[in-house]
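Derivation of every value follows stated rules applied to the coordinates shown; laboratory data play no part. No experiment lies behind these values; they were computed from the predicted model shown. Backbone-built Cβ (ideal geometry, glycine too); neighbour counts: all protein chains shown.
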Amino acid sequence: MLLPPELSVSLRVERPVLPVRLRTPPRAPFCFSPSRLRFHRQHEFFEDGDIHRHLYLQDILTNVTEVTERSKVSEFCCHIVGCCQVFDTLEGYEHHYNTLHRNMCSFCKRSFPSVHLLDTHILEWHDSLFQIMAEKQNMYQCLVEGCVEKFKSSKDRKDHLVKVHLYPSDFRFDKPKKAKSSTKHRKPPSKLDVSMPMDVNVETFEQSQVDSMEICPSESVENPTQPVSGPISSLQEKKLYKSRIPSTICFGQGASRGFKSMKKKV
Amino acid sequence: MWSRRSCRYRPDASGLEELRARRREQESALRKARRQQQLVSKRLLREDSLVNGDGQAGVEIASEPLSEQEILQLLRDVQRGTEERKKLLSHLRKGLQHKETQQKFVRLEGSMQVLIGLFTSSLANVQMEAARCLHELSHSSDPAVAEACLPSTSYLLTYLSGHSVEFTELCLYTLGNLAVESDAVRKQLLPQGIIPALASCIQSPHVAVLEGLGYVLSQLLQAREAPTKIMPLVLDSVLPQHMLRLISSNLELGMGVAVEFAWCLHYIVCSHVNNMLLISQGIVSTLVLLLLELASMMSKAATEGLELLICPVLRCLSNLLAEDETEGCKVQIQDERLLVALFLFMQYFLQQHPFLVQECLWLLNNLTADEPIFCSAVLTLDLLPALLQLLSCSRMVTLLALTVLCNIAEKGPAYCHQLHQKAVLPSLLSTLALSDAQVVGQSLELLHLLFLHLPEAADDFLSQAGLQALEQHQDNPQLQERVRALSETYLQPAAASLISCAGASAAVLPSS
């Protein structure tokens, strides 16, 4: 295209505007009058550009190079006390940390996907004033961000979630505070047993039978801080360990310090 | 997404031809879909992992479809944890790349619930792999498969407020794929609070998350019911001001982000739901400055794909300029640098992406219609030759270029004088030789304006065989009135005066 050579957007010269004649309507049979054109979304004027946009969307099959570029580091451990997950990528660690440790309730060690859910949990489960206030006013806040409704009971809130927000009735992050009975209806083993707690922890399934050590109710524990793999005996071991007085606490001068426990500290 | 474009596998010559053929097919399918108002596309994030340690980079690992038994076994094994769960899920995921496997999977009773259970587990790597499986399902071309993913949406939305970039990104693209699937899906997503969730998520600093978010939003906004059901909610939230911020900041890293939000804004603006709100938030100056910045980037190397950003921005500005005066104040733009930007874009994209030329001309029309500043600048900045060059391009481009010239001529004698001086007539004569009635008609309008303000133009037109050029259209019903009017009002008197002038001078000359 024949553009003047020095043309650039940084050019800012004050140019006088040519004098304008007063606008008059067009004389028949001529009909032209300057007008600003407007096109609506489905107009065929947009066809080529839209096609181009969609080709871009569809071409987004990523390729192998993406994965190989992810930097691997030498294996390292999660530094949270009690957790010994091991990682070899930073992204893997980041995701683990965010899933298990970031929004964690310091009272019962459950973790939550968001600050909002964590705050709601702490308020409803661990705030002693909450129960008192809930008797007088609607305190159970809707879980959906942006919805300001409050309810007088957990059940009312669940009904609202299901009816208005079309949430599943078994929404995982809305467990009621009372412990459910741990007997699960065993479906005839035809296909898959969906009622099996999907916390992907064999131990928790075992655990739901007993556990007076746990602070939380004995329904399937959301997010134990113990590592995943390991035989059941070591798990019970850890439970016992938990009830002990930490070795960092000394009772008087005569108490021996140091590594008192024979068991491996995690 | 944007950054991954450059990593694409580059095939050899034969592979290239295949690729081109595939692309042509894709394109014609898309055109057909658009004409039926069913233009829908999904995005896929897929990482093909290496085989052992010595797998080669660039080799696609072929995955096999899975049988029902195999799927069942995989799921049972995952639940029991007999093998490493991540590996099992990986295996499932690869199978789910195939449509038949996807269909078998969703038909198995309880399979989706198991998958969702894994997706919501506390084991990060299992959760991630389950999310990838869900993502493959969301991308399915079988609507039944994608709809089977509906029970996962409340969790997908919950996880948007998480902090893992990769996981959040995956959730966003999955949501985007599901959102575009059907009315039924959106009827669930909206009450589940997708708009507030996105409004929180847009405050993330991570480019990958923002790009994914832009994608979801663009999918929602393209829905048929969007102008009535979705756009009001979006406009009511903090999303517009963040979109405006993100579209213009950090273009180096966030180009993909800007592209997504530019298209979002285009869908909103061209639906004319509440453009006054956007105008009050400064959309016009933001977009003008953005175009100026993009124009200054034209000379640099990394301009691939810029048309994807420029196109929707041009459209927004053009439509905003055309906002009805009665709805509020008329939009005025007076920055001449925009004119320069437009011509730079047209020059740059004329060969490769001609569709952008017509989009630029549309904006140019809307700028020159009422503003003498721009009309004047076209002439004084010496941009007319470039504009005249466009008269020999596609029909739409020619028509728009003629309309811009008419806008300029309409401003009065000073403008016509410049047009005439800079040789507009020869170009007009070429357009008169075309057969398209609308193009010729617009040329006639331009001639009328020239002759009206500048009588001597008629003389010059005659001397360049203009009358003959006109006469070929005198039998065309769409054109004949105007042809006759031009002849009778301007050309015949001009011809007569020429003859009489000649006669007079002949009389003056002494007869030898």
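Below are the figures for this structure:
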| item | result |
| --- | --- |
| Integer Hz, Karplus 6.51/-1.76/1.60 couplings in order for the range B:350-358, x for Gly and Pro | 3, 6, 7, 10, x, 4, 5, 5, 5 |
| For the range B:60-205, average projected area of the Cα convex hull in nm² | 8.8 |
| Theoretical FRET efficiency, 1/(1+(r/R0)^6), r = Cβ-Cβ of B:GLU68 and A:LEU55, R0 41 Å, to 0.05 | 0.70 |
| Paired Rg and Dmax values of the range B:246-399, which use every Cα atom, in angstrom | 15.1, 45 |
| Estimated inter-spin distance, B:LEU235 and B:ASP142, nm [label 7 Å along Cα→Cβ] | 4.1 |
| Where labels lie 7 Å past Cα in the beta-carbon direction, separation of A:LEU123 and B:GLN468 in nm | 8.7 |
| 14 Å beta-carbon shell around B:LEU233, net charge (K/R +1, D/E -1) | 0 |
| Centroid-to-centroid separation of the range B:429-448 and the range B:141-186 [C-alpha atoms, Å] | 53 |
| Cα lying deepest toward the dipole's positive end in chain B, options B:TYR348, B:LEU134, B:THR168, charges on Cβ | B:LEU134 |
| Fewest-first ranking of A:PHE46, B:PHE119, using other Cβ atoms within 10 Å as the exposure measure | A:PHE46, B:PHE119 |
| Ratio of Rg to Rh over the range B:173-256 (Cα coordinates, Kirkwood Rh, two decimals) | 0.96 |
| Unit charges on C-beta of K, R, D, E only; dipole of chain B, Debye | 1080 |
| Ascending count of other beta-carbon atoms within 10 Å, so fewest first, for B:ASP475, A:ASP127 | B:ASP475, A:ASP127 |
| Amide H contacts of A:GLN141 (H built 1.01 Å from N, under 5 Å, at least 5 apart or other chain) | A:PHE151 |
| Tail beyond 20 Å, pair distance distribution of the range B:372-512 (Cα, percent) | 48 |
| Cβ-derived FRET efficiency at R0 35 Å, A:GLU91 paired with B:LYS32, nearest 0.05 | 0.30 |
| Protection proxy ranking of B:152-160, B:454-462, B:489-497 - average other beta-carbon atoms within 10 Å, highest first | B:152-160, B:454-462, B:489-497 |
| Net charge over other residues, Cβ less than 10 angstrom from the Cβ of B:LEU291 (K, R count +1; D, E count -1) | -1 |
| FRET efficiency, 1/(1 + (r/R0)^6) with R0 22 Å, evaluated for A:PHE39 and B:ARG245 via beta carbons | 0.25 |
| 37 °C / 0.692 mPa s Stokes-Einstein diffusion coefficient of the range B:133-179, Kirkwood radius on C-alpha pairs, µm²/s | 310 |
| Once the Cα gyration tensor of chain B is diagonalised, semi-axes √(5λ) in Å | 60, 24, 20 |
| Likely footprinting exposure, A:ILE51, B:ILE283, fewest C-beta neighbours within 10 Å first | A:ILE51, B:ILE283 |
| Dipole moment magnitude, nearest 20 debye, the range B:371-512 about Cα centre, only Lys, Arg, Asp, Glu C-beta charged | 120 |
| Under the Karplus curve 6.51 cos²θ - 1.76 cosθ + 1.60, θ = phi - 60°, whole-Hz ³J(HN,Hα) for the range B:210-215, x wherever Gly or Pro sits | 5, 5, x, 5, x, 4 |
| Length-normalised contact order of chain B in % [C-alpha pairs under 8 Å, at least 6 apart] | 7 |
| Size descriptor, Kirkwood hydrodynamic radius, that averages inverse alpha-carbon separations across the range B:246-315, Å | 12.4 |
| Gap separating the Cα centres of the range B:281-322 and the range A:1-34, nearest whole Å | 21 |
| Shielding by partners, peptide B:151-161 (average Cβ within 10 angstrom, other chains) | 5 |
| Dipole magnitude (debye, nearest 20) for the range B:61-170, charges at Cβ of Lys, Arg, Asp, Glu | 160 |
| ³J(HN,Hα), Karplus 6.51/-1.76/1.60, whole Hz, each residue of the range A:73-83, x for Gly, Pro | 10, 5, 3, 9, 9, 5, 8, 6, 4, x, 10 |
| Partner chain coverage, peptide A:15-26 - average Cβ within 10 angstrom | 6 |
